[in-house]
Amino acid sequence: MKELPLTVRRSIELIGICLLGALISIGNDIIMPVLMAFFLSIVLLPIYRFLRAWKFPEVVSILLPILLGAFFIGAVVWFFSVQISILANDFPQIQKNINYHLNNLSDWINYKTDFSTQEQIKFLNEQSNKLLINAGNIIGGAAGSITSAFIFIGLVPIYIYLFLSYKDLLLRFVFVWFEPNQHKKVNEVMKEIEVIIKSYLIGLLIQIAYITILLGGILLLLDIKHALLIGVIFALLNLIPYVGALIGNLLGVMLTLTSSQELLPIITVLGVIGIVQFVDNNILMPRIVGSKVRINAFAAILGVFICGSLVGISGMFLALPMVAVLKIIFDRSKTFKPWGILLGDENLIKNPIRFPKLRIKNKKIEQELTIKSDSTE
């Protein structure tokens, strides 16, 4: 069979990527619970195998890990409900602190600009009226989001049970899809995907624990109000690569502003968050996850925003493992090898324009690049 021209192949690849994005966007309510369940079932697979090795019935071996995960999620929900009730009890003081900061902000605006207090009040009233006009749409959207969230949470355990129950059937389907001479490579890819997903997601659970303990504990010792809530919120948002940390900083500052009229607690919160984040990014997380998820920062950030725009918050959480899985598949495929290079974090010391050998696909050169990349970490 005659091979298609390079331009035609690249065009087909780009069209395929666009169609895949459209499919995910249109069917995200179906695809995302399945994808989340797939990742979580891989994380729970060692527990399932351990229970099966000890001769537990298959149903019990599947249900126990799911119940363990449900207990963890229930504990997080209970914690947030307790913290929100504490915030509600402090509402009069929070309102007083907000008015104090707004007055200071108004005085600063008056001092720096010609925007008078009356004009500021008029502007705020106009914006409030706009919010009230759109209140019905906002509440309807929130109700729809809550309904979708409950459906999502309800479907994920069912899909996990089915994935673990029919895993052998699914594996057979994957192998039958390929020619026998490719089965060795397919087996390697599946094992590598399992290792990466497990190491990454388990690493994230460990990260949530130690960030909550470090950040919440230090802020608690420094007598910062709502310290544990700030720690948990930042730890959970930190699961979203790059973007989550920024949102966590903003929410930490806002919670501190509502609980204090002084500037020192805000500086303290920002300083402690910065120190904890530095320790997490440069010392703890690299040793927990290791160098298995080899994705460059540009691909990671772009993946987060694309997944977020296509499927929302759940896509942002799963962006990095999805990109990592795609890179494994691309690296093992001759057709999609260039896309694997685009997603990788190989730091080229030499310029491909001046060194032509870097322009070609060569296993020896790729091995040298991998060794150099490992040595620079």
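The values are calculated or read from the model by the stated rules, or taken from the named source; none is laboratory data. Since we're looking at a predicted model, the values are computed, not measured. No Cβ is skipped: glycine too gets one built from the backbone with ideal geometry, and neighbour counts run over all protein chains shown.
Just wondering, is there one or more residues in region 34-48 that are small (Gly, Ala, Ser) and over 23 Å from Gly308 (Cα atoms)? Explain how you work it out, then say what you get.
Applying the first criterion (small (Gly, Ala, Ser)) to region 34-48 yields 37, 41.
Remaining after also requiring over 23 Å from Gly308 (Cα atoms): none.
For region 34-48, residues small (Gly, Ala, Ser) and over 23 Å from Gly308 (Cα atoms): absent.
If a residue counts only when it is at pLDDT 75 or above, which helices (runs of 4 or more DSSP H) contained entirely in region 203-295 have at least 1 such residues? Show your work before the answer.
Details: elements: 217-221, 227-237, 243-259, 264-279, 285-289.
So the answer is 217-221, 227-237, 243-259, 264-279.
Of the conditions (1) touching a His at 6+ places or on another chain (Cβ under 7 Å); (2) modelled with pLDDT under 85, Phe175 satisfies every one except a single condition; which number is it?
(2)
So which residues in region 334-351 are among the basic types (Lys, Arg) and either in a helix (DSSP H, G or I) or at pLDDT 80 or above (or both), if there are any at all? Working first, answer last.
To start, the set of residues in region 334-351 that are among the basic types (Lys, Arg) comprises 334, 337, 350.
If the condition is that a residue be among the basic types (Lys, Arg) and either in a helix (DSSP H, G or I) or at pLDDT 80 or above (or both), then Lys337 is the only one that fits.
Restricting to region 38-76, name every residue that is under 20 Å from Lys191 (Cβ atoms), touching a residue at least 24 places away in the same chain (Cβ under 8 Å) and not polar (S, T, N, Q).
So the first thing to find is which residues in region 38-76 are under 20 Å from Lys191 (Cβ atoms), and the list is 38-50, 52-53.
Checking which are touching a residue at least 24 places away in the same chain (Cβ under 8 Å) leaves us with 38-46, 48.
Within region 38-76, Phe38, Phe39, Leu40, Ile42, Val43, Leu44, Leu45, Pro46, Tyr48 qualify.
Here is a yes/no grid of residues against (1) at pLDDT below 80; (2) in a helix (DSSP H, G or I); (3) out of contact with any Pro (no Cβ under 6 Å at 6 or more places or on another chain):
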{"position": "Met1", "(1), (2), (3)": "yes, no, yes"}
{"position": "Arg10", "(1), (2), (3)": "yes, yes, yes"}
{"position": "Ile30", "(1), (2), (3)": "no, yes, yes"}
{"position": "Pro33", "(1), (2), (3)": "no, yes, yes"}
{"position": "Phe56", "(1), (2), (3)": "no, no, yes"}
{"position": "Val59", "(1), (2), (3)": "no, yes, yes"}
{"position": "Phe79", "(1), (2), (3)": "no, yes, yes"}
{"position": "Ile84", "(1), (2), (3)": "yes, yes, yes"}
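Considering only region 131-169, how many residues are loosely packed, with under 13 Cβ neighbours inside 10 Å and at pLDDT 90 or above?
Total satisfying the criteria: 3.
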